[in-house]
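Everything below concerns the one structure shown next.
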Amino acid sequence: MSSIKLNEAFKLNNGVILPNRIMKSATSEQLGDKKRNPKPDLATLYETWSLGGAGLLVTGNIMVDRTAIGEPFNVVLDEESDLFQFVRWTQLGTVKGNQLWAQLNHPGKQSPNVLSKVPVAPSAISLEGDIAKAFNTPKALSDDEINQIIKRFATSARLAKKVGFTGVQIHGAHGYLVNQFLSSRHNQRTDNWGGTLENRMKFVLDIYHAIRLEVGDNFPVAIKLNSADFQKGGFTEEESMQVVEALVQVGIDFIEISGGSYENPMMVTGDVQTASKSTRKREAYFLNYAEALRKRTDIPLAVTGGFRSSEGMMQAINSGATDIVGLARPMILKPDLPMAAFSDTKFVFNWNEPTTGFKKFDMMTMLTLIWYEKQMWRIGKGQAVKLKLSPWMASLTSIWKVLTSPPVKRRS
Ligand SMILES: Cc1cc2nc3c(=O)[nH]c(=O)nc-3n(C[C@H](O)[C@H](O)[C@H](O)COP(=O)(O)O)c2cc1C
């Protein structure tokens, strides 16, 4: 039986071609300058990834609202942005003919208290668990504010197309605002934005429609969605599949599957505890869900999380569970990983996850993010990745970044 190769092209339903099956998933870079425009280092970083061979690069989350920031040096794309700085990024990030999609995000209540005195959310419900202290209780958005945010997603998408991104991805996963609306744990509204799943998904569907109106039919509009939140009373797999079906019906081009949130970061730890024995043997997360989803839709799919070997990637694609494999941490530590995986069917990439040895401290300083961000900053400066980078230094950097954050614009 002939098998699909990792370097085989893939055509989306709108005719757009991904040159191969490997995608660099979104990786928040914190490479915005004081005005939250992209620093030149972002262009160098994405040029490195483009040359590394991935068919699709998705940017780290770009914020749609400068009053709502997830990390101190996030990039924002809105009417105040300097578009020239974005053009340099998209030009170098596509040198090898790959796709480069902008991930658009609003953090909702996952905006730390140093950046948001009063973050916004569907309902005034605080985050829980080890990270809760770093976040203030949010205020529930008014109807008018919800509609403003939907418009902001559309504006950012229009600008993304204008500056040369070849597609956009709505960040609908990992506990950020879109995900908060979908979850009956975080969305306890009694108006038409909450209650039934149909109401809870109105926010994401309205965002999709608003974006589509701005970018036209042939521009890829994708979403990253949780298979589940893995939280009591949270977004379930069945609900997630129904959201996918609704998005497919209105014309979404591509779905990327992930899972978890700040409260339960399954996106980087995987669903191995909850998964069946057969999944535990596989390296990638969320594959059971993808297999079940595949029976309900033939929409182009990517699964992200856990892929470390060409064999694991090939298996996932040839099982039919996914069309594309998404990788984040391995692509940071080895930007030319796709070339290596294309030429060697036995290719495996392993390393030790950074830790100070103090799990709670690692959680509080978001070590998993900052350690990898520091690696991206090195690449952006033309330096080599440093696998021995000290987790303690990375944690200190995390604190330093917060202390030196440009002021966040106040909500009017
Ligand atoms: C440093 C870092 C930054 C990340 N930033 C984002 C982001 O901006 N948007 C997003 O959807 N996921 C983000 N993620 C999650 C990854 O896209 C991915 O889902 C996760 O790391 C699992 O994939 P992996 O096992 O290949 O790393 C980030 C992960 C890391 C390590």
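The values are calculated or read from the model by the stated rules, or taken from the named source; none is laboratory data. Only a predicted model underlies this, so the values are computations on that prediction, with no experimental measurement involved. Counting neighbours? That spans all protein chains shown, and the Cβs are built from the backbone with ideal geometry, glycine included. Accessible surface is based on the protein model in full, side chains and every heavy atom, while ligands, DNA and RNA are left aside. Shrake-Rupley method; radii C 1.70, N 1.55, O 1.52, S 1.80 Å.
At-a-glance table
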| item | result |
| --- | --- |
| Tensor-based shape of the chain (alpha-carbon gyration tensor, a/c under 1.5 rounded, otherwise prolate or oblate) | rounded |
| Charge sum, other residues only, whose C-beta stays under 12 Å from Arg189's C-beta, Lys/Arg counted +1 and Asp/Glu -1 | 0 |
| Efficiency of FRET from Cβ geometry, Asn199 and Ala9, R₀ 41 Å, rounded to 0.05 | 0.55 |
| The stretch 97-200: mean projected area of Cα convex hull, nm² | 7.8 nm² |
| For the stretch 10-353: accessible area per residue (Å², 1.4 Å) | 35 Å² |
| Pairwise label distance in nanometres, Leu387 with Ile17, each label 7 Å out on the Cα-Cβ vector | 3.6 nm |
| Cα centre as origin, Lys/Arg/Asp/Glu Cβ charges: the stretch 175-256 dipole, Debye | 320 debye |
| Within the chain, helix-based [θ] at 222 nm, where runs of 4 or more DSSP H residues each add -39,500 (n - 2.57), nearest 500 | -10500 deg cm²/dmol |
| Under 5 Å, built H, 5+ apart or other chain: amide partners of Arg189 | Gly195 |
| Under the Karplus curve 6.51 cos²θ - 1.76 cosθ + 1.60, θ = phi - 60°, whole-Hz ³J(HN,Hα) for the stretch 331-348, x wherever Gly or Pro sits | 6, 6, 7, 9, x, 9, 3, x, 4, 5, 5, 5, 8, 9, 6, 9, 4, 9 |
| Whole-Hz ³J(HN,Hα) from phi, Karplus 6.51 cos²θ - 1.76 cosθ + 1.60, for the stretch 292-303, glycine and proline x | 5, 5, 4, 6, 9, 7, 10, 4, x, 10, 10, 10 |
| Local net charge near Ser50, Cβ-Cβ under 11 Å (Lys/Arg +1, Asp/Glu -1) | 0 |
| Of Lys96/Lys202; Lys96/Lys151; Lys5/Lys96, pairs whose Cα-Cα distance is over 27 Å | Lys96/Lys202; Lys96/Lys151 |
| Most positive-pole-ward Cα, Ser390, Leu12, Pro330, against dipole of the chain from beta carbon charges | Ser390 |
| Reach of Lys133 by Cα under 22 Å, taken over lysines that are not fewer than 8 positions away in the same chain | Lys109, Lys117, Lys232, Lys359, Lys360, Lys401 |
